[in-house]
Amino acid sequence: MTTQLTFDLDTVCQLAEHAAAATGTGTSQPRPALLLHSGSNGIWLTSNAAHPQPAPADQPGTLDHRAAFAAECPSGSSWLDQATLLRAELIPLTHVLPLDEPTGRSLLDQLRAGDQAGATTVRVLLSGASVAIAVGRRRRRPTARRDEAATTRRADQQHADWRRLLRQYRPLPRYPRISELMTRIERLREDNARLHDANLTLIGFGIVAHRDEYLARTAAIHDEAQTIGAALQRLGAHAAAQLARHGWTMTLSRHRGSMHTTGG
């Protein structure tokens with residue numbers, strides 16, 4: 001029998017990044033991982049970092065550190081509800097989910113890719129001692145901090161900032177060249193976002209043969225952005241140069257709104 005637990009991807013990503021950031025801060029620091037537990041607070045995931053994140057003021061339950069709670073058994077769920085859900089699973093749960101495995105496509109990389117592509121959920125599948133992870137494909141975020149409306153607003157703001165810089169640079173003697181390079185950066189960001197979306201879609205169907213091509217294409221995009229950033233710097237467009245070289249993990253895609261919403 002397989003038991004499925006669903007967690008909010010945004011919260012899980014914050015926990016994963018916290019665990020990853022703590023790696024290497026001391027020789028005794030364990031490999032980065034998420035910890036899956038169950039108990040009087042329901043069923044939850046936490047970071048394994050030596051110094052956990054404090055719990056937000058609005059976090060339910062009695063935990064004194066940040067956690068992501070399973071939607072099926074939220075904070076305060078009774079032991080009977082947990083037993084009904086988990087049935088044959090060991091109670092309490094004490095699973096360790098390494099963030100640097102599997103090699104070549106680590107859990108941390110999968111969480112980041114899913115978050116960048118607009119996914120909203122993480123599913124933990126329990127079957128005896130076996131644990132599997134899947135990033136959900138649900139694209140609507142009706143109440144989450146990164147809902148579709150927020151994504152659109154942020155993309156619009158990025159576009160408005162880019163237009164403002166263009167107006168600011170108009171008096172510069174090499175403005176036509178600056179404008180050409182900035183337009184190229186905008187297109188690269190759209191291409192990069194589409195590649196992330198396509199990659200996540202294929203992974204959702206269990207197709208990984210494209211991985212080397214995907215990595216090569218995104219690497220080529222980022223290399224070109226670095227080259228353009230250096231050219232903008234030489235032309236005196238310093239703010240545009242910085243935006244061209246950085247912020248690729250926050251790339252937003254305007255075309256997502258037209259895509260079909262899929263279940264996760």
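The values are calculated or read from the model by the stated rules, or taken from the named source; none is laboratory data. Just so it is clear, the structure is predicted and the values come from calculations on it, not from any experiment. All Cβ positions, glycine included, derive from the backbone under ideal geometry; neighbour counts span all protein chains shown.
Being polar (S, T, N, Q), modelled with pLDDT under 75, part of a helix (DSSP H, G or I) and not assigned by TED's automatic domain parsing to the domain that holds GLY118: is that true of GLN242 here?
Considered against the rule, which asks whether it is polar (S, T, N, Q), modelled with pLDDT under 75, part of a helix (DSSP H, G or I) and not assigned by TED's automatic domain parsing to the domain that holds GLY118, GLN242 comes out as no.
Quick one: would you say THR84 is outside any loop (DSSP other than H, G, I, E, B) and touching a residue at least 12 places away in the same chain (Cβ under 8 Å)?
no
When you check SER106 against the structure, is it within 25 Å of the chain's Cα centre (by Cα), surrounded by fewer than 18 Cβ atoms within 10 Å (Cβ to Cβ), modelled with pLDDT under 85 and among the small types (Gly, Ala, Ser), yes or no?
For SER106, the condition - within 25 Å of the chain's Cα centre (by Cα), surrounded by fewer than 18 Cβ atoms within 10 Å (Cβ to Cβ), modelled with pLDDT under 85 and among the small types (Gly, Ala, Ser) - is not met.
Kindly list, by first and then second residue, each pair from a residue in the stretch 221-242 that is closer than 14 Å to LEU188 by Cβ to a residue that is among the hydroxyl-bearing types (Ser, Thr, Tyr), limited to pairs with Cβ atoms under 8 Å and residues at least 6 apart or on different chains.
ALA240/TYR169
For the stretch 197-210, indicate whether the set of residues that are at pLDDT 80 or above and assigned to a helix (DSSP H, G or I) is non-empty.
Taking every residue of the stretch 197-210 in turn, none turns out to be at pLDDT 80 or above and assigned to a helix (DSSP H, G or I).
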